[in-house]
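Scroll down for the structure; my scribbles are underneath it.
Taken together, the values in this text are just the output of simple stated rules run on the coordinates, not laboratory data. If you're wondering where the values come from, they're calculated on a predicted model, not measured in any experiment. Cβ: placed from backbone, ideal geometry, glycine included. Neighbour counts: every protein chain shown.
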Amino acid sequence: MSGTTTTGDDDPPVVIVIDDDPSVRAALADLLGSVGLQAQLFASTQAFLRSERIDAPGCLVLDIRMPGQSGLDFQRTMVDADIHLPVIFITGHGDIPMSVRAMKAGAIEFLTKPFRDQDLLDAIQQGIAKDRIRRHEAAAAADLRGRHASLTEGERAVLARVVSGLLNKQIAADLGVSEITVKVRRSQVMRKMHARSLADLVKIAEKLRG
């Protein structure tokens, strides 16, 4: 897979459109442009996977039936490729079992052509909002892991025992160090993990385990 062009989360969202019909791609590009949304257009899922993707909030508008890999099959491929864009399916040949399968696999909408422009735009806005939340949560989790990685081995040992409810004296005995050493390490843990209280620290530890 190719690399990713990184941008900030405040940058304009990008709507990926994958449809083998050039007239559909052109019509969707015009529709998205009319409401100020940036679009990236692809004739196949393979072309999308080979592309340089923009690291920005967005969603994927995906045709169900295309030559080669179908939209439903690609939905499974996305998991293996670590692509987390919300998916909106569009199709001219939809049926209930197909739509149920798509929604169970995580699609946020399944629209049968011809569909109302506003229905698609509403689904796209929902997808973009969902992706913004996911990106924010992923960034927060990465920051938390980074803070935990900055702890020394001794500080991690103290952290584990503090959040399990042990007192400084008990931790010192357990680790075979002085109580002063435990207090120093505990203070460093609080500072590095940005915890303002013991309750704060316990919540942070729970997030790390989650």
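Between the amide H of Ile54 and those of Thr5, distances stay under 5 Å, these residues lying 5 or more places away or on another chain, with hydrogens modeled in the peptide plane.
Pairwise inverse Cα distances across the range 146-209, averaged and inverted, put the Kirkwood hydrodynamic radius at 11.5 Å. When the chain is treated as a GNM with alpha-carbon contacts under 10 Å, the residue of Leu49, Leu159, Leu111 showing the greatest mean-square fluctuation is Leu159. In this label model, Val177 and Asp143 are separated by 2.7 nm, measuring between points 7 Å along each Cα→Cβ vector. Taking each residue as 0.36 nm, the span from Val184 to Asp117 lengthens on full extension beyond its C-alpha to C-alpha distance by 18.0 nm.
Taking Cα centre as origin and charging only the Cβ of basic (Lys, Arg, +1) and acidic (Asp, Glu, -1) residues, the dipole magnitude of the range 146-209 rounds to 220 debye. Each label was represented as a point 7 Å from its Cα along the Cα-to-Cβ direction; for Ala160 and Ser70 these points are 4.9 nm apart. Computed from phi, the 3J(HN,Hα) profile of the range 104-117 under the Karplus parametrisation 6.51, -1.76, 1.60 (θ = phi - 60°) reads 5, 7, x, 4, 8, 7, 9, 10, 9, 5, x, 10, 6, 3 Hz, with x in place of Gly and Pro.
I'd like the FRET efficiency for Arg135 and His93, computed as 1/(1 + (r/R0)^6) with the beta carbon distance as r and R0 of 25 Å, rounded to 0.05.
Calculated value: 0.15.
Scalar couplings 3J(HN,Hα) for the range 56-71, obtained by applying the Karplus form with A = 6.51, B = -1.76, C = 1.60 to θ = phi - 60°, are 8, x, x, 7, 10, 9, 10, 6, 5, 10, 9, x, x, 6, 6, x Hz; x denotes Gly and Pro. Give the shape of the range 60-103 as rounded, prolate or oblate, defined through the alpha-carbon gyration tensor: a ≥ b ≥ c are the square roots of its eigenvalues, a/c under 1.5 means rounded, and otherwise the shape is prolate if a/b is larger than b/c and oblate if not. It is prolate, given that a/c is not under 1.5 and a/b is the larger ratio. Dipole check for the chain: with +1 at the C-beta of Lys and Arg, -1 at the C-beta of Asp and Glu, and the Cα centre as origin, the magnitude is about 1340 Debye. Sparse packing (at most 12 other Cβ atoms within 10 Å of the Cβ) combined with a DSSP loop state is found for the following trypsin sites (Lys or Arg not before Pro) in the range 159-210: Arg196.
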